[in-house]
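Undergrad: Just passing along the structure, written as structure tokens.
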Amino acid sequence: MSIVVTGATGHLGRHVVEQLLEKVPAAEITAVVRDEARAADLAARGVRLAVADYNAPRTFDGLFAAGDKVLLISGNEFDKGRPAQHQVVIDAAAAAGVALLAYTSAPGSLSAALADDHRATEKALLASGLPYSLLRNGWYHENYTENLAPVLAHDAVVAAAGDGRLSSASRADYAAAAVAVLTGEGHENTTYELGGDEAWSFAEYAAELSRRTGREIVYNAVSPEALTGILTGAGLPGPFAAILAGVDASIEKGELVVTTGDLSRLTGRPTTPLSEAIAAALQD
Ligand SMILES: NC(=O)c1ccc[n+]([C@@H]2O[C@H](COP(=O)([O-])OP(=O)(O)OC[C@H]3O[C@@H](n4cnc5c(N)ncnc54)[C@H](OP(=O)(O)O)[C@@H]3O)[C@@H](O)[C@H]2O)c1
């Protein structure tokens, strides 16, 4: 029996494995990776590695065992049909009879196109009959704090979210929730709406950046079409830029405000404030 984490060499997966290592012996953790070399540090610490790819169903044959608790971290290959990729993992988990399949989803309130793959995966997971936990992760602080270069270059935050607010949290917070579910009891057939304790607006974000940098950083609210143009101009593929602009439209409607308190309840501590994430990013 093992706690198995897919996407273990991704940003969220790394946080999950690190936090698992604080709670359970390394030998009880299996990291599913595409490139073993990128997980050599984990293997050296005693974590078991399994090499598999969502695009190659056979690579999941025999990977899971009865009683495993599995975290399926949603993929990032938007153009490759993520529901079918995730189905591969669900099928393998069902064939093995795992004890729990947790899935990193999106908030139930999110109507943007980005949520479509998540809703399809949730449906497949429920249809599988497996004990499940839907970890409906809200937006990451890092979506903003890891992309400060253009903001600081132009002294402007550009978004298509109007006066909308969102309650983001750090990847480490969402990872802690996943670890609580994977290592705790009684999480079978649960849905958690996860988000930060405090909602913020882009005007407040710009104001906090101004305060921390001593510069005047403004918020430029643009239309989703204009944002799509700006993002494609910066090199993003058109369809992906449109998806991101669609998320901003959802933010304007309040769809990324999560008020359940599920995240801090699961982790047993307040979520990381955005101001703290900004301060850390500015120091890097
Ligand atoms: N809530 C949010 O704000 C937010 C923001 C961005 C993304 N997300 C979603 O949350 C997921 C985790 O976030 P993250 O920051 O950890 O993203 P990330 O760093 O891009 O990690 C994605 C992970 O998925 C793995 N993966 C992708 N395609 C795969 C395939 N065909 N087979 C096996 N593994 C595959 C990647 O493997 P490699 O390590 O081998 O590349 C990587 O480990 C993302 O993939 C995305 O679905 C959420």
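The values are calculated or read from the model by the stated rules, or taken from the named source; none is laboratory data. All of these numbers come straight from a predicted model, not from anything done at the bench. Backbone-built Cβ (ideal geometry, glycine too); neighbour counts: all protein chains shown. The protein model used for the area step is the full one, side chains on, heavy atoms only, and it has no ligands, DNA or RNA in it. Shrake-Rupley method; radii C 1.70, N 1.55, O 1.52, S 1.80 Å.
Undergrad: Which FRET efficiency value, to the nearest 0.05, is calculated for ALA26 and ALA279 with the Förster distance at 35 angstrom and r the Cβ-Cβ distance? Numbers along the way, then the final one.
TA: Values: r = 32 Å, r/R0 = 0.92.
That pair, ALA26 with ALA279, gives E of 0.60.
Undergrad: Stokes-Einstein diffusion coefficient for region 46-100 at 20 °C in a medium of 1.002 mPa s, Rh from the Kirkwood formula over Cα pairs: what value in µm²/s?
TA: Translational D for this selection: 183 µm²/s.
Undergrad: Against the empirical 2.2 N^0.38 Å scaling, what ratio does the C-alpha Rg of region 184-225 come to?
TA: Values: Rg = 17.8 Å, N = 42, 2.2 N^0.38 = 9.1 Å.
Normalised Cα radius of gyration, region 184-225: 1.96.
Undergrad: Once you list every other residue whose beta carbon is under 10 Å from the beta carbon of ASN55, what net charge do they have if Lys and Arg are +1 and Asp and Glu are -1?
TA: Details: positive: ARG34, LYS80; negative: ASP53, GLU77.
Residues close to ASN55 contribute a combined charge of 0.
Undergrad: On a straight-distance basis, which aspartates and glutamates could pair with LYS69 in a cross-link, Cα separation under 14 angstrom, same-chain partners fewer than 8 positions away excluded?
TA: Leaving aside aspartates and glutamates fewer than 8 places away in the same chain, those within reach of LYS69 are GLU28, GLU185, GLU188.
Undergrad: Positive end of the charge dipole of the chain (Lys, Arg +1 and Asp, Glu -1 on Cβ, about the Cα centre): tell me which of ALA120, GLY238, VAL158 has its Cα farthest that way.
TA: It is ALA120.
Undergrad: I've got another one for you. State, to one decimal in nm², a quarter of the convex hull surface area for the C-alpha atoms of region 25-168, i.e. the direction-averaged projected area.
TA: 11.0 nm²
Undergrad: For region 212-271, what value does the Rg/Rh ratio take when both radii are computed over Cα atoms and Rh is the Kirkwood radius, given to two decimals?
TA: 1.14
Undergrad: Continuing with the same structure: Based on Cβ point charges of +1 for Lys and Arg and -1 for Asp and Glu, what charge dipole magnitude is obtained for region 161-235 about its Cα centre, in debye rounded to the nearest 20?
TA: 400 debye
Undergrad: Taking N as the number of residues in region 154-284, what is its Cα Rg relative to 2.2 N^0.38 Å? Walk me through the numbers on the way to the answer.
TA: Details: Rg = 16.7 Å, N = 131, 2.2 N^0.38 = 14.0 Å.
Working it through for region 154-284, the quotient is 1.19.
Undergrad: Any chance you could list the semi-axes, whole Å, largest first, of the equivalent ellipsoid that the Cα gyration tensor gives for region 86-127, using √(5λ)? Walk me through the numbers before you get to the answer.
TA: Working: eigenvalues 99, 18, 10 Å².
The three semi-axes for region 86-127 are 22, 10, 7 Å.
Undergrad: Here is a follow-up. So how compact is region 240-284: Cα radius of gyration and Dmax in angstrom?
TA: 14.3, 36
Undergrad: In whole Å, how far is the Cα centre of region 26-45 from that of region 114-147?
TA: A separation of 24 Å, based on Cα centres.
Undergrad: In addition: Send over the semi-axes of region 84-174's equivalent ellipsoid, whole angstrom and largest first, taken as the square roots of 5 times the C-alpha gyration tensor eigenvalues. Numbers along the way, then the final one.
TA: Numbers: eigenvalues 226, 37, 26 Å².
Result for region 84-174: semi-axes of 34, 14, 11 Å.
Undergrad: Sticking with this structure for a sec: Calculate for the chain the 222 nm mean residue ellipticity that helices alone would give, adding -39,500 (n - 2.57) per DSSP H run of length 4 or more and normalising by residue count, nearest 500 deg cm²/dmol.
TA: Taking each H run of at least 4 residues, the total per residue is -12500 deg cm²/dmol.
Undergrad: About the Cα centre of the chain, what is the dipole size in debye to 20, counting +1 per Lys and Arg Cβ and -1 per Asp and Glu Cβ, all else neutral?
TA: 400 debye
Undergrad: In what order, largest first, do ARG212, ARG34 sit by accessible area if the probe radius is 1.4 Å?
TA: Final ranking, largest accessible area leading: ARG34, ARG212.
Undergrad: Which of the lysines could a cross-linker span from LYS123 if the Cα-Cα distance has to be under 19 Å and same-chain partners fewer than 8 positions apart are dropped?
TA: Partners within reach: LYS80.
Undergrad: Still on this model: If you count only protein heavy atoms and use a 1.4 Å probe, how large is the accessible surface of HIS154, to the nearest 10 Å²?
TA: The accessible area comes out at roughly 140 Å².
Undergrad: Can you list the aspartates and glutamates whose alpha carbon sits under 13 Å from that of LYS253, skipping same-chain ones fewer than 8 residues off?
TA: Once the sequence-local aspartates and glutamates are set aside, what remains near LYS253 is ASP163.
Undergrad: Assigning unit charges at the beta carbon (Lys, Arg +1; Asp, Glu -1) and nothing else, what dipole magnitude in debye, to the nearest 20, does region 76-222 show about its Cα centre?
TA: Working: 10 positive and 19 negative charges, 26 e Å.
Value, rounded to 20: 120 debye.
Undergrad: Among ALA102, ALA149, ASN220, whose Cα lies farthest out toward the positive end of the dipole of the chain, if unit charges sit on the beta carbon of Lys, Arg (+1) and Asp, Glu (-1)?
TA: ALA102
Undergrad: Which of LEU101, LEU72, LEU231 moves the most in a Gaussian network model of the chain with Cα springs under 10 Å?
TA: LEU231
Undergrad: In nm, to one decimal, how far is the modelled label at ARG215 from the one at ARG45, with both set 7 Å along Cα→Cβ?
TA: 3.5 nm
Undergrad: For the chain, what is the Kirkwood hydrodynamic radius in Å, using each pair of distinct C-alpha atoms?
TA: Value: 19.6 Å, from the Cα pair sum.
Undergrad: Using amide H atoms built in the peptide plane, which far-off residues or other-chain residues are under 5 Å from SER105 H to H?
TA: Correct list: LEU135, ARG136, ASN137.
Undergrad: How far apart, in nm, are two points set 7 Å out from the Cα along the Cα-to-Cβ line at ARG58 and at MET1?
TA: The answer from the label model is 3.3 nm.
Undergrad: Also, quick follow-up: How much length would be gained if the chain were fully extended between PHE78 and LEU236, taking 0.36 nm per residue of separation minus their Cα-Cα distance, in nm to one decimal? Don't jump to the answer; show the numbers that get you there.
TA: Numbers: separation 158, 0.36 × 158 = 56.88 nm, distance 1.27 nm.
So the chain would gain 55.6 nm between PHE78 and LEU236.
Undergrad: Let me ask something else. For region 1-56, take the alpha-carbon Rg, divide it by the Kirkwood Rh, and send me Rg/Rh.
TA: Working: Rg = 10.2 Å, Rh = 10.9 Å.
Ratio value, two decimals: 0.93.
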